[in-house]
Amino acid sequence: MTINLSSPMQTTNWRQLGFYALALLFNLCLIAQVLTVGLAYFYNPEWWNIHVLLVRGYSILVPIMLLWVFISPFPQRVRKLVISTLVLLGLQFITIHLKSPLNISVLHPLIGFSLFNISTTLVHRVQHVVFPKDVETDINQIL
């Protein structure tokens, strides 16, 4: 039996698997972000520096994911989730750095929650693309 490493199906799977790993890494970074803000608020304010450094470090992942999702075969829903992630991350930066009389910084935690929700949904959607379940196998397991 010979395996053709240049087949488009295998290339697609590797690109999708790489994107899945990147989306998962981004989601884990968001979890660390929430943890550090909690530690800064409830335990020790020194954790705030780590909170800020984290976002500066992992925010580069979103433009990479945006490019990656358009060069790999993904459903439109996955692409929209990545675009939403980019928009929400931009809003996160705006709510913290833009000084306005409306005090839009109060939206920062809400946008952060939405960002985490969309990122988690993205990981789940991509997981279903990369690791599709066989319907017949599921039915046989139930019976």
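Coordinate-derived values only; no laboratory data. Source: prediction; values computed, not measured. Here the Cβ positions follow ideal geometry from the backbone for every residue, glycine too, while neighbour counts run over all protein chains shown.
Can you give the local net charge around MET65? Use residues other than it whose beta-carbon is closer than 14 angstrom to its beta-carbon, Lys and Arg +1, Asp and Glu -1.
Local net charge: +4.
Tell me, what ³J(HN,Hα) does each residue in the stretch 95-106 have, in order and in whole Hz, if you take phi through Karplus 6.51 cos²θ - 1.76 cosθ + 1.60 with θ = phi - 60° and put x for Gly and Pro?
5, 8, 9, 8, 8, 9, x, 7, 6, 6, 5, 5
If one computes P(r) from the Cα atoms of the stretch 11-133, what percent of pairs lie at distances over 22 Å?
That fraction is 38 percent.
For labels at HIS124 and LEU53 in the simple 7 Å Cα→Cβ model, what's the distance in nm?
Between HIS124 and LEU53, the simple spin-label model gives 3.3 nm.
HN-Hα J couplings of the stretch 72-86 from phi, Karplus 6.51/-1.76/1.60, θ = phi - 60°, integer Hz, Gly and Pro as x?
Per residue, the Karplus-derived 3J(HN,Hα) values read 10, x, 10, x, 4, 4, 5, 4, 5, 5, 5, 4, 4, 4, 5 Hz.
Can you compute 3J(HN,Hα) from phi for each residue in the stretch 108-119, using the Karplus curve 6.51 cos²θ - 1.76 cosθ + 1.60 with θ = phi - 60°, rounded to whole Hz and x for Gly and Pro?
Values, residue by residue: 4, x, 5, 5, x, 4, 5, 4, 5, 4, 5, 5 Hz.
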